[in-house]
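First comes the structure, then the notes that go with it.
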Amino acid sequence: MSKRIVVDPITRIEGHLRIEAVLDENNVIKDAYSSGTMWRGLELILKGRDPRDAWAFTQRICGVCTTVHALTSVRCVEDAIGAQIPPNARIIRNLIDVTQHTQDHLVHFYHLHALDWVDVVSALSADPKETSRIAQSLSAWPKSSPGYFKELQTRLTKFVESGQLGIFSNAYWGHKAYKLPAEVNLIAVAHYLEALDFQKEIVKIHAVFGGKNPHPNYTIGGMTCAIDPNSDNAINIQQLNMVKKIIDDTATFIDQVYIPDLIAIAGYYKGWLHGEGLGNYLSYGNFPQTADPASGLWPSGAILGKDLATIHEIDLADMGQVQEEIARSWYTYSKGDQAALHPWEGETNPKYVGPDLPYEYLDTDHKYSWLKAPRWKGNPMEVGPLARVLLQYAKQEPMIVDTVNGVLGALDVGPEALFSTLGRTAARGIECKQTAGFMSKFYNQLIDNIKAGDYQVFNNDLWDPERWPKECKGFGYTEAPRGALAHWIHIKDKKILDYQIVVPSTWNASPRDGKGQPGAYEAALANTPMEDPEQPLEVLRTIHSFDPCLACASHIMDMNGNEITTVKIV
Amino acid sequence: MKKIETFAGVFKARGVERRDFLKFCSLISVSLGLAPALVPRIVHAMEHKPRIPVLWLHGLECTCCTESFIRSSHPIAADMILNMISLDYDDTLNAAAGHQFEEIRKQIMEEYKGKYILAVEGNAPLKDNGVYCMVGGQSFTSMLKETAENAMAVISWGSCASFGCVQNAKPNPTGAVPIHKIIKNKPIVNVPGCPPIAEVMTGVITHLLTFGKLPELDRLNRPKAFYGTRIHDKCYRRPFFDAGMFVENFDDEGTRKGWCLYKMGCKGPTTYNSCSTIMWNEGTSFPIKSGHPCIGCSEPGFWDNGPFYTRLAEVPFVASDSGADKVGMYAVGAAAAGMAVHAVGTAIKKAKNDSDSNPTQEG
Ligand code: SF4
Ligand code: SF4
């Protein structure tokens with residue numbers, strides 16, 4: 001007899017996500033349904049505004065991957081009006097962006113994902129001496145003495161005994177799917193706390209160049225953070241030294257804490273290789289090295305059916321490539337609900353036809369999500385770190401090939417292990433090591449330019465809208481921590497006529513499309529056995545391995561700015 | 001949930017010496033800008049109070065408030081959530097999900113009637129029965145009302161919960177409204193900003209824990225300790241404003257010399273926040289220091305207060321160092337009508353102006 005479980009809200013993510021899953025008599029997931037349950041409607045809000053302000057509005061789509069929408073937006077407007085930015089601005093933007101990737105991945109691993117693998121309560125019974133021995137065998141990280149772990153354990157014991165468990169309340173401690181020895185759990189708890197403290201240091205780089213984090217400032221035409229090594233009111237050596245120190249400390253933390261923990265934890269779960277999913281991967285590329293957006297250190301391309309030998313080229317302007325469907329989403333299209341529309345011709349007419357509130361189950365045979373279903377040439381695609389790592393692996397990028405092979409070797413598994421929940425989690429760590437390296441690369445590029453006497457960070461040529469074409473269109477893209485992100489704009493008479501965004505989590509969290517093809521979460525959950533359907537630990541593992549960001553996902557922008565119709569509750 | 005501990009007990013259990021505990025208490029008082037004489041009261045409070053449960057709800061938002069919160073440097077987030085409060089329910093950090101997670105909320109509402117804090121990030125869409133934000137199969141609006149019922153007080157994090165923020169900008173497609181439009185019978189502290197500064201967020205909570213009452217609020221329910229003055233009043237670029245030395249474009253000499261950003265659209269003269277004093281990310285910088293004009297993100301309706309790079313209405317500049325130049329405006333460009341408040345740029349008059357001269361429009 002099959003049964004249906006509901007996990008709503010999914011916690012340790014950004015935004016509001018609901019999963020419904022149908023299990024067979026052996027508690028194996030047969031079908032899963034992913035539903036985004038919020039919508040903010042920014043498309044109408046952007047209409048008619050100054051395009052130079054768009055970065056600030058779109059940045060508020062997400063405060064977790066803060067910065068990526070702002071960056072994509074300034075690229076988009078600059079593409080439309082034909083503005084060029086100085087090399088220093090490109091480098092600083094890359095540095096802010098890569099800082100975001102590194103910090104975001106670290107926070108994801110420890111604070112949003114680790115508790116799917118780490119049993120906090122089990123850490124209470126760890127032997128501090130043995131914990132210290134294991135920690136020192138894993139890495140040279142200095143905080144690893146028996147005394148350090150003993151003190152932490154005492155604190156933790158008191159905390160648990162207080163009865164006020166806070167964020168650890170009523171969770172799945174003792175669940176059979178937890179496999180780590182008590183000592184490894186204790187190490188992970190120690191690093192959960194250390195990472196919580198350290199993440200706030202990394203983003204100080206945003207404050208130096210963008211004034212604050214979350215939500216640092218951008219501007220079209222470059223950046224506003226003046227550089228002058230001989231001024232006491234611009235970025236000079238004191239601030240650059242701070243940036244340099246943060247970069248060095250970050251690399252150390254990734255190398256000595258994150259990567260060793262990832263390998264140690266994965267070693268106990270390599271028998272749990274569920275969550276493969278679609279086998280289709282998409283990436284737009286990022287970190288341009290010249291004025292050409294395609295000059296990125298990260299390549300663009302699509303992989304279909306796990307075939308790494310064939311990389312398909314991507315064109316965001318091709319009306320037949322990126323398209324959005326709404327057959328199973330709470331929207332209507334004027335051409336009918338089976339239509340697939342490119343962002344340039346997109347529509348957003350919300351129409352809720354789900355059950356009356358409050359409800360127990362959604363009507364998953366029909367429409368069941370506020371997310372649309374983006375498809376590439378009709379295919380559902382997975383985006384994110386695994387897509388990027390596979391693409392670079394396929395293209396033989398040496399650093400990635402070495403690191404991937406190193407991790408696979410350390411775990412004693414073959415490359416097929418990458419196509420799994422654990423593979424997704426490992427790819428994020430591998431990528432984080434790469435981005436920590438990029439931080440220092442971009443810093444050095446900036447220093448070289450300043451040394452050569454180039455202080456320019458802003459180009460004023462097209463600041464004044466009087467100098468813009470009367471009407472123009474453009475798009476900008478990046479790879480956000482969670483995957484491929486693009487914005488499209490249509491400017492008329494110095495104002496935003498239309499604005500459209502297709503974000504990473506809409507790809508990954510999408511519901512089924514007109515052909516009934518599931519989205520990436522839905523496909524990855526299928527065939528997963530659950531120890532205890534009442535305690536959805538396995539569901540959380542796989543969903544978290546994608547690092548969901550639902551506020552992003554549900555901010556679909558409407559290219560044509562259609563009026564929102566009245567929603568009927570049926 | 002039965003055994004209740006005090007801060008001092010937790011500190012002691014952590015092996016923190018009394019000397020260090022006292023040092024910690026005086027640090028808190030410094031960060032709150034309090035007189036040293038108050039330190040003993042903080043110590044007493046920390047020694048005798050159990051950890052207050054906090055239920056942190058997320059409505060329509062972007063989670064930047066949570067992200068800012070965990071950037072706090074004094075106290076650090078780990079100390080805040082593990083030792084000072086009991087953060088029992090928070091979408092972003094809780095280990096439990098689904099119905100196990102919801103059980104926590106119900107249990108706290110029951111066991112700690114009138115003794116828990118409801119913290120809200122984001123806001124509620126009222127249109128169409130609230131279908132634009134649903135949690136656990138119910139509308140966020142109904143969940144908010146239900147959770148507020150037994151709360152001791154409500155903290156509205158960020159501009160979303162306080163004033164409406166971006167989803168409430170024109171034409172507000174989902175009918176999003178700030179929390180005080182829905183919850184009418186509880187004390188509410190508004191902590192605006194997009195997001196608010198980390199130490200302001202942790203400061204609001206520590207104030208409550210330490211003194212046992214909410215901080216004093218202005219007429220927009222903002223704590224006076226953090227929203228008492230305008231950015232402009234304490235901006236380090238103010239001497240350039242007074243001297244009439246302005247950045248004219250982001251690539252000119254004034255940019256590199258750190259001149260005033262007024263002409264680039266700076267909303268510092270109309271924005272109440274602590275950016276120019278506490279600054280961001282442990283005092284690293286703030287928007288104006290990185291050369292970008294303030295966009296006024298802690299003000300009601302700031303998304304609709306005119307384009308960010310359009311200067312506040314024309315000002316007859318008297319290049320003087322007397323500080324007597326008058327800025328007769330408070331809105332942007334053509335949209336100035338109806339909101340004109342006579343702002344005087346001197347520290348003396350400013351004290352009287354305070355927040356009462358602030359537009360009250362929600363937005
Ligand atoms: S107050 Fe503004 S900001 Fe904070 S969650 Fe909201 S959009 Fe983000
Ligand atoms: S206008 Fe802005 S930059 Fe100029 S002094 Fe005031 S707050 Fe500072």
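Brief remarks on what is shown
- For the range B:43-120, the Cβ-based charge dipole about the Cα centre amounts to some 240 debye (Lys, Arg positive; Asp, Glu negative; other atoms uncharged).
- Calculated on alpha-carbon atoms, Rg and Dmax of the range A:425-498 in Å: 18.4, 50
- Most positive-pole-ward Cα, A:G277, A:Q199, A:G166, against dipole of the range A:129-286 from beta carbon charges: A:G166
- Report note on the peptides B:111-119, A:392-400: ranked by the mean count of other C-beta atoms within 10 Å, highest first, their order is B:111-119, A:392-400.
- Orientation-averaged projected area, Cα convex hull of the range A:15-108 (nm²): 9.0
- Cα-based Rg / Dmax (Å) for the protein assembly as shown: 26.2, 84
- Vicinal HN-Hα couplings computed from phi for the range B:61-78 (Karplus, 6.51 cos²θ - 1.76 cosθ + 1.60; Hz; Gly/Pro x): 6, 10, 6, 5, 5, 4, 4, 5, 3, 7, 8, 4, 9, 8, x, 6, 4, 4
- Take each residue in A:192-202, count the other chain C-beta atoms within 10 Å of its C-beta, and the mean is 4.
- Column: log10 I(q)/I(0), Debye, Cα scatterers of the range B:195-242, q = 0.17, 0.19, 0.27, 0.32 Å⁻¹: -0.60, -0.70, -1.02, -1.17
- Euclidean distance between Cα centres, the range A:80-135 to the range A:255-327, Å: 18
- Mean partner shielding of peptide A:272-283, defined as the number of other chain Cβ atoms within 10 Å of each residue Cβ, is 0.
- 10 Å Cβ neighbours from other chains, averaged over peptide A:232-244: 2
- Loop-located trypsin sites (Lys or Arg not before Pro) across the range A:472-555 with a Cβ neighbour count of 13 or fewer within 10 Å are A:K515, with loop assigned by DSSP.
- Gain on full extension, evaluated as 0.36 nm per residue between A:Q289 and A:N27 minus their Cα-Cα distance, stands at 89.3 nm.
- Cα gyration tensor category, rounded, prolate or oblate, for the range B:117-255 with a/c compared to 1.5: oblate
- Once the Kirkwood radius over Cα pairs is known for the range A:1-41, the Stokes-Einstein relation at 4 °C and 1.567 mPa s delivers a diffusion coefficient of 116 µm²/s.
- Projection of the Cα convex hull of the range B:59-168, averaged over all directions and equal to a quarter of that hull's surface, yields 7.1 nm².
- Using only alpha-carbon positions in the range A:323-389, the gyration tensor eigenvalues give semi-axes of 24, 18, 9 Å once each is multiplied by 5 and square-rooted (largest first).
- FRET efficiency, 1/(1 + (r/R0)^6) with R0 41 Å, evaluated for A:L308 and A:K179 via beta carbons: 0.85
- Under 5 Å from the amide H of A:S510 lie the amide H atoms of A:A520, A:Y521, each residue being 5 or more positions distant or on a separate chain, with H modelled from the backbone and absent for Pro and chain starts.
- Whole-number accessible area per residue in Å² for the protein assembly as shown, which is evaluated in the context of all protein chains at 1.4 Å: 32
- Between B:I182 and A:A410, the modelled label-to-label distance comes to 4.5 nm, taking each label 7 Å out from Cα in the direction of the beta carbon.
- Separation of alpha-carbon centers, the range B:271-307 and the range B:133-188, rounded to whole Å: 24
- The Stokes-Einstein estimate for the range A:131-270, based on a Kirkwood radius over Cα pairs and taken at 20 °C with 1.002 mPa s viscosity, is a diffusion coefficient of 118 µm²/s.
- When peptides B:135-148, A:286-299 are sorted by average Cβ neighbour count within 10 Å, with the highest value leading, the order is B:135-148, A:286-299.
- The range A:288-353 gives an Rg/Rh value of 1.12, both radii derived from C-alpha positions and Rh following Kirkwood.
- Amide hydrogen proximity for B:I52: with H placed 1.01 Å from N in the peptide plane, the residues at 5 or more positions away or on another chain lying under 5 Å are B:S86.
- Solvent-accessible area buried by B and A, counting both chains, probe 1.4 angstrom, square angstrom: 8300
- For the range A:523-535, backbone phi angles converted through the Karplus equation (6.51, -1.76, 1.60; θ = phi - 60°) give residue-by-residue couplings of 5, 6, 6, 4, 6, 8, x, 10, 4, 9, x, 6, 10 Hz, Gly and Pro being listed as x.
- Within-9-Å neighbourhood charge of A:H342 [Cβ basis; K, R +1; D, E -1]: -3
- Karplus-derived HN-Hα couplings along the range B:174-188 (A = 6.51, B = -1.76, C = 1.60, θ = phi - 60°), whole Hz, x at Gly and Pro: 9, x, 6, 10, x, 4, 5, 7, 10, 9, 10, 10, 10, x, 10
- Amide proton proximity set for A:V28, modelled H, under 5 Å, gap of 5+: A:M530
- Peptides A:332-338, A:155-161 ranked from most to least packed give A:155-161, A:332-338, packing being the mean of other C-beta atoms within 10 angstrom over each peptide's residues.
- Cα shape, the range A:366-487, gyration tensor, a/c 1.5 rule: oblate
- Candidate cross-link partners of A:K494 among the lysines, defined by an alpha-carbon separation under 24 Å and a same-chain spacing of 8 or more, comprise A:K47, A:K470, A:K473, B:K170, B:K263, B:K267.
The values are calculated or read from the model by the stated rules, or taken from the named source; none is laboratory data. This is a predicted model, so every value here is computed, not measured. Cβ: placed from backbone, ideal geometry, glycine included. Neighbour counts: every protein chain shown. Ligands, DNA and RNA are stripped out before the accessible areas are found, and what is left, the full protein with its side chains, is counted by its heavy atoms. Shrake-Rupley method; radii C 1.70, N 1.55, O 1.52, S 1.80 Å.
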